[in-house]
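The values are calculated or read from the model by the stated rules, or taken from the named source; none is laboratory data. As the structure is a computational prediction, the values presented were derived from the model and not from experiment. Positions of Cβ are backbone-derived with ideal geometry, glycine not excepted, and every protein chain shown enters the neighbour counts. For accessibility, only protein heavy atoms count, side chains too; no ligands or nucleic acids. Shrake-Rupley method; radii C 1.70, N 1.55, O 1.52, S 1.80 Å.
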Amino acid sequence: MTVTTATQPWVGRPLPRLEDEALLRGEGRFVDDLDPVPNVRHAAILRSLVPHARIRGLDPSAALGLPGVVGVVTGADVAAMSRPFPAGIESGVEYLAAAHEVTRYAGEPLAVVVANDRYVAEDAAELIQVDYEPQEAVLDVETAVESDACVHDRSFVYGDVDAALGAADLVVRERFRFPRWSCTPVECYGVICDWDEATGTLTAWSNFQGPFTLHSVAAAALRLPGSKLRLITPRDSGGSFGIKSAVYAYVVLIGLASRRFGVPVRWTEDRLEHLAASSASTARVTELEAGFDSEGRLLGLRYDAIEDVGAYVRAPEPATLYRMHGSLAGAYDVPNVAARNRVVLTNRCPTGLNRGFGGPQVYFALERTMAIAAGRLGLDPAEVARRNLIGRDEFPYRTASGSLYDSGDYGACLERALKVARYDDRRAEQAAARDEARLLGIGIACVVEPSISNMGYITLAQTAAERAETLPKSGNAEGATVMVNPLGGVTVRISTTPQGQGHKTVAAQVVADTLGLEPADIDVVSELDTATDAWTVASGNYSSRFSGVGTGAVLRAAEKVAQKLQRIAAPQLGCEPQHVELRDAKAWHGGDWRGSRTGTPTRCPRASSRAYTRPPTTRRRTSRRRTTTTGSHPRPRTDSWWTSPSSRSSARRVPCACSTTSASTTPGGC
């Protein structure tokens with residue numbers, strides 16, 4: 001395929017973001033700006049005031065008597081109308097959208113009040129009487145790990161760790177405590193739900209970020225087939241950092257309220273609710289044992305990790321514990337690695353995805369251990385890192401715990417970082433500060449971060465026998481649609497649910513380069529509708545997946561459209577399709593396939609109109625379905641076709657200038 005674009009490609013070129021005009025004018029469209037259905041009622045959530053208690057009684061009668069109140073959904077109603085949320089491991093503690101007999105963390109929903117406006121709903125929630133029987137709260141995971149609060153215990157050994165530690169000249173054994181933490185996006189959670197009794201379908205508008213494997217988790221809790229839960233995300237979202245992956249629990253709760261009362265219901269989380277009861281990272285206690293020879297070479301690692309996931313194992317947990325499993329040795333060449341992973345329930349808010357989930361917990365322990373070893377060996381930490389980094393000639397590199405690092409030059413990366421930071425100057429400043437009785441710290445971390453998210457890692461929490469009973473999982477897939485209408489307008493639909501990163505601008509740049517247009521000529525639709533758009537269970541905005549597979553899907557779809565336009569324009573230009581160039585919003589016959597700019601163009605609107613009105617003269621296969629492969633995961637892909645209204649046996653199929661693509665790749669390190 002020959003595609004000629006501007007002298008400088010649009011991809012990589014700095015330009016004003018296409019998203020910013022509306023945002024700067026105050027015309028963003030966030031979830032609270034949406035009014036998708038009329039006669040919406042408002043919800044307020046009654047939350048637990050204690051971290052652990054039996055609920056001896058809950059009396060909503062005073063709230064129900066308040067004028068303007070539509071009704072109250074209690075924890076008992078939730079238990080009767082829904083199922084517990086499924087998760088990656090069995091914990092023995094059922095997780096429902098609202099507590100029924102026992103509340104297990106402060107801020108846990110106990111009831112939902114639905115009223116004509118939010119003010120009445122909030123007032124009514126305060127009238128509900130709850131009779132608590134307080135129970136002892138579990139907060140210390142190091143003590144609780146020896147009790148039935150420990151709901152998961154798995155061990156892994158790669159290589160001969162015992163022999164490596166036995167042969168080491170230095171063994172560092174330390175315990176590291178990493179506290180839970182959370183990012184707080186400007187925009188909190190928001191959900192609007194509308195139950196359609198006639199079709200048995202729930203439509204939910206929410207600023208959910210994915211991963212959309214959680215769509216099936218929510219549908220299961222609602223007792224609905226996946227096709228009966230329609231999830232729509234707004235055009236704009238005010239940040240997330242992983243936190244909005246947990247919105248799905250409130251999609252279920254508000255969806256049950258809509259179904260119970262037969263009215264659309266909306267709920268917008270306030271800041272106090274968000275801080276107390278949205279989500280957070282896991283807290284982890286790691287005991288790490290590392291063996292080094294006298295030259296500072298790392299021989300073996302043994303991890304013992306205790307993970308605090310809060311009151312429930314909330315999907316996608318225990319993802320935080322296992323996402324980095326293949327990279328337990330980080331950027332270092334270590335042949336012997338062992339790990340023991342334990343999950344403990346505490347009386348805190350359930351955890352979830354949060355800013356590089358799992359990475360900080362691993363690297364805090366590993367890199368502190370490297371620094372401690374350097375001090376005990378009398379070596380500079382940078383030198384210890386140099387001696388252990390995977391060499392440039394060792395790629396592709398298979399880690400002891402299974403990851404495949406496809407390429408890299410970690411040594412050069414380290415040297416570049418040291419140069420930019422003026423490392424020697426910093427060390428001199430540190431020595432001078434200590435002479436003055438001042439402490440000045442310098443830290444080094446060599447991090448390998450898996451991205452795009454191969455969801456198969458979550459099944460490491462299961463035994464081999466348990467995994468054999470389930471379907472294989474891969475997160476390395478994404479969907480995108482590129483369409484050209486009869487007048488030449490180009491629309492791109494993406495399923496990456498941007499949270500402010502500028503996905504629309506980048507998608508427009510990719511398509512502009514492929515179709516010979518300018519980004520401003522392209523309309524990118526970032527709202528995702530699971531009923532109409534191309535998406536996969538891995539879709540969403542997490543794990544740095546947009547640049548890896550999001551843009552890849554856009555590129556593949558745009559290339560298919562370009563090929564169709566070339567086939568359509570070729571007869572008009574009197575040349576073969578491979579000699580058609582797309583540039584300056586026109587199709588050109590350049591004469592010389594290598595890129596000559598001579599010849600007579602045909603405008604793309606004319607070519608696209610032909611696709612909708614007349615069949616091409618070039619022959620095409622009449623199969624409606626084909627399978628193509630990008631990477632190592634073949635997936636069926638369907639071209640769009642227009643069929644004339646004549647009988648099926650004599651119908652002439654005309655390819656339309658649009659394409660939907662699900663790209664599949666296998667990134668290194670995943």
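Put a plus charge on the Cβ of each Lys and Arg, a minus charge on the Cβ of each Asp and Glu, and nothing anywhere else: the dipole of segment 1-158 about its Cα centre is then about 620 debye. In a simple Cβ point-charge model (Lys, Arg +1; Asp, Glu -1; nothing else charged), the chain has a dipole of about 3480 debye relative to its Cα centre. Taking all protein chains as present, what is the carbon and sulfur share of the accessible area of segment 474-592, in % to the nearest whole number, probe 1.4 Å? About 51 percent, which is the carbon plus sulfur part of the accessible surface.
Taking amide H atoms as placed 1.01 Å from N in the peptide plane, list the residues 5 or more away in sequence, or in a different chain, whose amide H sits under 5 Å from that of A587. Those lying under 5 Å, H to H, from A587 are T602, R603, C604. Remark: segment 418-433, residue by residue, has Karplus-estimated 3J(HN,Hα) of 5, 5, 4, 7, 6, 4, 4, 5, 5, 5, 5, 5, 5, 5, 5, 5 Hz, where x stands for each Gly or Pro and the curve is 6.51 cos²θ - 1.76 cosθ + 1.60 at θ = phi - 60°. Entry for segment 15-167 at q = 0.13, 0.17 Å⁻¹: log10 I(q)/I(0) = -0.81, -1.04, Debye formula applied to identical alpha-carbon scatterers, no solvent contribution. Here the spin labels are modelled as points 7 Å beyond Cα on the Cα-Cβ line, and at A80 and D393 they lie 7.3 nm apart. Here the Kirkwood formula, the inverse mean of 1/r across different C-alpha pairs, assigns the chain a hydrodynamic radius of 27.9 Å.
What is the ratio of the Cα radius of gyration of segment 249-387 to 2.2 N^0.38 Å, with N the residue count, to two decimals? Each step should come with its number before you reach the end.
Numbers: Rg = 20.6 Å, N = 139, 2.2 N^0.38 = 14.3 Å.
Compactness ratio reported: 1.44.
Over all pairs of different C-alpha atoms, segment 384-457 has a mean inverse distance whose reciprocal, the Kirkwood radius, equals 15.0 Å. Between the residues A144, A167, Y189, the greatest Cα displacement towards the positive end of the dipole of segment 130-191, with unit charges on the Cβ of Lys, Arg, Asp and Glu, is found for A167. The charge dipole of segment 38-97, taken about the Cα centre with unit charges on the Cβ atoms of Lys, Arg (+1) and Asp, Glu (-1), comes to about 120 debye, rounded to the nearest 20.
A Stokes-Einstein calculation at 4 °C with viscosity 1.567 mPa s, built on the Kirkwood radius of segment 251-321 over Cα pairs, returns a diffusion coefficient of 78 µm²/s. Can you compute log10 of I(q)/I(0) for segment 187-297 with the Debye formula, treating each Cα as one identical point scatterer, at q = 0.11, 0.15, 0.17 Å⁻¹? Per q value, in the given order, log10 I(q)/I(0) is -0.42, -0.65, -0.80. Projected onto its three principal axes, the C-alpha set of segment 480-558 covers 34, 24, 21 Å, listed from the longest axis down. Scalar couplings 3J(HN,Hα) for segment 46-56, obtained by applying the Karplus form with A = 6.51, B = -1.76, C = 1.60 to θ = phi - 60°, are 7, 10, 5, 8, 10, x, 7, 6, 7, 9, 7 Hz; x denotes Gly and Pro.
Backbone amide hydrogens, once placed in the peptide plane, bring A400 within less than 5 Å of V334, excluding anything fewer than 5 places away on its chain. Ordering I390, I444, G456 by the projection of their Cα atoms onto the charge dipole of segment 371-464, which places +1 on the Cβ of Lys and Arg and -1 on the Cβ of Asp and Glu, puts I444 at the extreme positive end.
Counting only aspartates and glutamates at least 8 places from K564 when in the same chain, those with an alpha carbon closer than 15 Å to its own are E576, E581, D639. Rolling a 1.4 Å probe over the heavy atoms of the protein chains gives segment 140-278 an accessible area of 38 Å² per residue. Using the alpha carbons alone, the radius of gyration of segment 394-517 stands to its Kirkwood radius in an Rg to Rh ratio of 1.16. Positive end of the dipole of the chain (Cβ unit charges, origin at the Cα centre): among Q566, W205, L23, the Cα lying farthest that way belongs to Q566.
Each label point was placed 7 Å from the Cα along the Cα-to-Cβ direction; for F261 and K419 their separation is 6.5 nm.
Remark on F176: its backbone amide H falls under 5 Å from those of T286, E287, L288, a criterion applied only to residues 5 or more positions apart or on other chains, H modelled at 1.01 Å from N.
Take every Cα pair under 8 Å whose residues are at least 6 apart in sequence, average their separation, divide by the length of the chain, and the relative contact order is 15 percent.
Rounded to the nearest Hz, the phi-derived 3J(HN,Hα) couplings of segment 334-339 under the Karplus curve 6.51 cos²θ - 1.76 cosθ + 1.60 (θ = phi - 60°) are 10, x, 10, 9, 9, 8, where x marks glycine and proline. Taking a straight line from the alpha carbon of K228, not one of the lysines sits under 19 Å away once near neighbours fewer than eight places off in the same chain are left out. Helical content of the chain, expressed as a calculated mean residue ellipticity at 222 nm, amounts to -7500 deg cm²/dmol (DSSP H runs of 4 or more residues, -39,500 (n - 2.57) each, divided by residue number, nearest 500).
Calculated on the Cα set of segment 453-603, radius of gyration then Dmax: 19.3, 65 Å.
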